[in-house]
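A short write-up of the structure that comes next.
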Amino acid sequence: MKRIVSLSFCLLLAMTAAGADLATKKALTLEVAKQIAAAAAAEALKNQWTVVIAIVDDGGHLIYLERIDDTQVGSVDIAQAKAQCAVKFKRPTKALEDVLVGGRQAILALPGAVPVEGGLPILADGKLIGAIGVSGVTSQQDGLIAKAGLDALPKILGR
């Protein structure tokens, strides 16, 4: 019995210590994702570009997807892949494109690498909370649209 009490006490201490180490983190909400996508869509529509805009959380899971009328269906998967890549590598997909253009073809072997501009990580207080991916026009235009979405974040957050 003494051994069980002692073991229970050790488990209680371990659980208390583990709980003390848990971090509090910011998370991307559906409402914020919709507002980022709206800003990106406004940029696309201003230029009469048809695109798909995907917003994912910090695990690369889809939160919000918007497909502007008449955008090719293939862009649905590509926009999501760009956003997931930006989360996985914690950098714009353009950075991977630059590596590939520089001759480093090994980048193509990395799981989840999408070396095409149009995916950008979303940061809050310097921490990754998600990403935006855009597909439908040229990769450079996709990148401009994604940037327009991110540029709206300070206003969305009231900063």
Do we find a residue being more than 21 Å from Leu157 (Cβ to Cβ), buried (at least 21 other Cβ atoms within 10 Å of the Cβ) and touching a Pro at 6+ places or on another chain (Cβ under 8 Å) anywhere in the stretch 60-81?
no
Look at Val87 and say whether it is among the aliphatic types (A, V, I, L, M) and assigned to a helix (DSSP H, G or I).
yes
What's the number of the only condition in (1) more than 22 Å from Ile156 (Cα to Cα); (2) without any contact (Cβ under 8 Å) to a residue 60 or more places away in the chain that Pro92 fails to meet?
(1)
How about the stretch 104-118: which of its residues are among the charged types (D, E, K, R) and surrounded by fewer than 19 Cβ atoms within 10 Å (Cβ to Cβ)?
Arg104
Could we say that Val99 is among the β-branched types (Val, Ile, Thr), touching a helix residue (DSSP H, G or I) at 6+ places or on another chain (Cβ under 7 Å) and free of Cβ contacts under 8 Å to residues at least 60 places away in the same chain here?
yes
Answer yes or no: is there a residue in the stretch 88-98 that is within 26 Å of Ala42 (Cβ to Cβ), surrounded by fewer than 19 Cβ atoms within 10 Å (Cβ to Cβ), at pLDDT 95 or above and touching a strand residue (DSSP E or B) at 6+ places or on another chain (Cβ under 8 Å).
yes
Quick check on my filter: what residues within the stretch 104-125 are part of a loop (DSSP other than H, G, I, E, B) and either of a type in the set (Lys, Arg) or modelled with pLDDT of 95 or more (or both)?
Arg104, Leu110, Pro111, Gly112, Ala113, Val114, Pro115, Val116, Glu117, Gly118
When residues of the stretch 108-129 are filtered for being closer than 11 Å to Lys26 by Cα and touching a residue at least 40 places away in the same chain (Cβ under 8 Å), how many remain?
5
Can you go through Ile53, Ile132 and tell me which one is under 30 Å from Thr24 (Cα atoms), in contact with a Pro (Cβ under 9 Å, 6 or more places away or on another chain), in contact (Cβ under 8 Å) with a residue 12 or more places away in the chain and not in a loop (DSSP other than H, G, I, E, B)?
Ile132
Only residues that are surrounded by 12 or more Cβ atoms within 10 Å (Cβ to Cβ) and of a type in the set (Asp, Glu): list them for the stretch 124-159, please.
Asp142, Asp151
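The values are calculated or read from the model by the stated rules, or taken from the named source; none is laboratory data. In this text, all values refer to a predicted model and were calculated from it rather than measured experimentally. Here the Cβ is made from the backbone with ideal geometry for all residues, glycine too, and neighbour counts use every protein chain on show.
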